[in-house]
Structures are given as C-alpha cells and as structure tokens.
Amino acid sequence: MARLLVVEDDAAIADPLVRALEREGHDVEHAGTGEDALQAAAEAPFEVVVLDLGLPGIDGIEVCRRLHERESRPSVLMLTARSSELDEVLGLDAGADDYVTKPFTLAVLTARVRALLRRRGARTATGPAEAAGVRVDRAARRAWRDDRELELAPKEFDLLAVLVESAGAVVRRDELMSRIWDENWWGSTKTLDVHVGWLRRKLGDPPLITTVRGVGFRFEADGEDTAAAR
C-alpha cells in the first residue's frame, strides 16, 4: 500500500479518482488547493502526487517545484485540461514525472500511477524486477526469460529494465530516450526502434513488447503482445 495525494479542485474529477486509487489498495488523501497540498506534504510524505495544473491560488507548476525541492520528493503525475506542448514542457521542467491530459479514463490514470510506483520501487529495491517470466537484476546487470539468461548489450539491458519495471503501462518514447540515452536528447528516435527490434528477437516468442503507435512501448505483464504492428 502506498500513500497518495490527489490535488484537484473539481470534485467531479477528484472523488471518482480517489475511490479508484483506494480500490487499488492505496491510502489516498485529497487536497483542493495548492496550499492544502503543500501543507499535507509537510505533515507526512507521499509516494505519488496526482497534481492538477490549473489550481486556484498556488498553481500546479509552483506546487510541483516546491515538492521537487523536498528531501522526501514524491513522484508527480501532472493532470491538466491543457494540451499544448509548452504546458507539458513547463510541467516536466518543474519536476513532474509523467503527464496526463483531460479527459482521461480511470484505467489509464491508475496504470500511470502503478508505473510510477514501480519505478520508485526499482530505485530502492535490492531485488530484481520481474514480469511475464522475465527477470531483470540491475545490480548484477543480468536478465533472464524463464530459465534462459539473456545476452544483452548495455542499452538493450537498460531498455528491458525500464520496460519490465513499468510492465502493463505505456512508457513514452521521449521518456525512454531521456532515461536510456541522454536527458537532453532532441534527435531522431530511430535508434530506439532498432534496439526494441533487437530486444524482441532476443526475448523470443511469445512476444512481450507492444508498440503503441505515436506514443511508446508497453511490456505486457500478462505475457502476451496484443499489438499486430511491431
């Protein structure tokens, strides 16, 4: 169970979101303003904060910046009705870990939260990550599918580790480029497609990595690739 904070001033959005996250087994608090969110975070740490950008008073960008400065920094999922590239860049520059644009489905939102929690666990856990029979041990730089150890190049290993740690959720292309190649990467992402192709061949059948066109890639937690385009 994780401690989560939903910061959203619209009760029609906040109430069902809080209930959905509670059904996932989490301890969820709600704040309707940026001031209340910062006060709640000061009283006890949260692992993930779902943060609306357009808050009254202190807006989501400023709340995100202040949360980012804390020693016990939570992962931040920015939630907004705005969809311009500038708004997304501002949110990510302020320290947001992910970004969802309204309208959204609860299934997508809760999957993004699960992915953030897995990434936090991967940063602190001592054991390997595992999904669909694939096990990745970052400390030892080794990976297996079932009982077969995989012979992976360094970037292939890093790519597999990120996908397995986020199993079941889509990882955006730009996030993969940033985390695996260069945080300031602005060039072609063709190299990502090439590495995904190599990784698929080394993993073998049945396929596990789904291409979500125009977005990124998803490692199928149930062990079955549902995408025809690969």
Worksheet item: If T105, T33, T110 are ordered by their accessible area, calculated over protein heavy atoms with a 1.4 Å probe, which sequence runs from highest to lowest?
Response: T105, T33, T110
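For D147 and D222, compute 0.36 nm times the residue count separating them, minus their Cα-Cα distance, and round to one decimal in nm. Could you put the intermediate results ahead of the total?
Working: separation 75, 0.36 × 75 = 27.00 nm, distance 1.78 nm.
Gain in length upon complete extension: 25.2 nm.
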Worksheet item: Under a straight-distance cross-link criterion of Cα-Cα below 21 Å, which lysines are reachable from K202, leaving out those fewer than 8 residues away in the same chain?
Response: K155, K190
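The values are calculated or read from the model by the stated rules, or taken from the named source; none is laboratory data. Because the structure is a prediction, the values reported are computed rather than measured. The area values use the complete protein model at the heavy-atom level, side chains included, leaving out ligands, DNA and RNA. Shrake-Rupley method; radii C 1.70, N 1.55, O 1.52, S 1.80 Å.
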